[in-house]
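Structure, as structure tokens:
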Amino acid sequence: MAGAREARDTGGASAEAAFDALATLPKLSEISQVARAVLFEAAERRRVHYADAARVDALREEHGLSHEDCATPFGNALGVLGAGPEDASERTLVAALAAHALAEAPPKNGEADAAAIGDLLWLAAHASVDALPLLDRAMGDSAAELWRAVADAVRRIDAGKTPSFGRAEALVGAAALADASRTSAAARAAAKQLGGQVSDPLLARVLGGVTAVPAPEGADDGQRLEGELEATPRGPVATTALALTGLLFAFGVARLVGRFALSYRRPAEVVVTPGGVKVSSKTLLLGRTIREEEFHITHASLRRATREVRYPRAGLYTGLLALAVGSYLGLSLFVDGVRAASPSLLLTGLAFVAAGIGLDFALSSILSGARGRCRVQFLPSTGKGVCVVDVDPKRADEALALLRQPAAR
């Protein structure tokens, strides 16, 4: 029976201990899938009493689980989902189950991050299932994005932009950020920034103590940007010259072949602090890392930092494309008039010019702009600049705001 109970003595162990106890179970994956179906469905339907013995029994049979497969020192995992927790130890077990359920099917993008965090905030605020303290344990390096999603959720609730959530969820999120600031650099940075933005005095008070908490080892209190490294954009003269010579088309084709045939990627992480910029990047070819780089640009040597607007340099590309298409049409009429053979080569060349302009614009601007992403540039006074594409615009603005602060002495 899913609702059976067992005698136990956990000695007041922590949520981390319950998480680790579940991790030893051979059928953890199947148990996590059942937990996800029960808990996250309850959150989506805003059902406080998630326990459902009949549903848990059906899911247990579907996943080939026995009662013995789910036994832990904190109670039986399926038993507690079917009958609900009876004490603090079982509530800890349910929270650990929620954390494992999240790790079993992690969110894959910003929208999924926001949905998962919304469910976790609701479960913690209304169903006494608080898995947020286990985010780092469950998600590893991926927890950084989720902590930022927690801060975003609290910010939106405070601004009245999420009517389905209220002050309870915001307080749960703020408290989780403040508590995680002791061990997570990402949570600490998100909490410090959020503390200066919320209008609710209680939220501000919860977050206000973060600055007094010792920073975790390796914390930089900076803003992290994730994207892909690219060469800094060419100027209008160079772009025009490459377009007219046909090299722009050749470069565009080479980029397409590299991206889709050879899986060529240059993922990068940029950490921006008031003291400067740190860039860490990898070069991937056919899924293998062939080079890793890391370099710094100090605040004193940074000449310019910009976030480009959506579809940057659209005017230049439109003008060049209009010139190429207009020349093509004009010359085609001329060729029709004189019936000469050689001008047809010029027409072909102009077609390549137009194709190169369109291809370069699509690769450099349209692909990221259509997804609501942007390009960020950091140009030092000496040496090569850094250009990162496919960056979240909101985080880019927050990072640039950090650079406007006085550099640390």
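Before moving on, here are some points about what is shown:
- A DSSP coil position with no more than 10 other Cβ atoms inside 10 Å describes the following trypsin sites (Lys or Arg not before Pro) in segment 75-161: 108, 161.
- The local environment of residue 304, defined by Cβ-Cβ distances under 15 Å, has a net charge of +4 under the rule Lys, Arg +1 and Asp, Glu -1.
- In this structure, the amide hydrogen of residue 275, modeled 1.01 Å from its nitrogen in the peptide plane, lies closer than 5 angstrom to those of 408, counting only residues at least 5 positions away or on a different chain.
- Whole-Å distance, taken between Cα centres, linking segment 114-161 and segment 30-107: 19
- Listed residue pairs exceeding 21 Å between alpha carbons, taken from 27/108; 108/384; 278/384; 108/161: 27/108; 108/384; 108/161
No value in this document is a laboratory result; all are computed from the given coordinates. Nothing here was measured: the structure is a model prediction, and the numbers come from that model. Because the Cβ atoms are built from the backbone with ideal geometry, glycine has one as well, and the counts that use them run over all protein chains shown.
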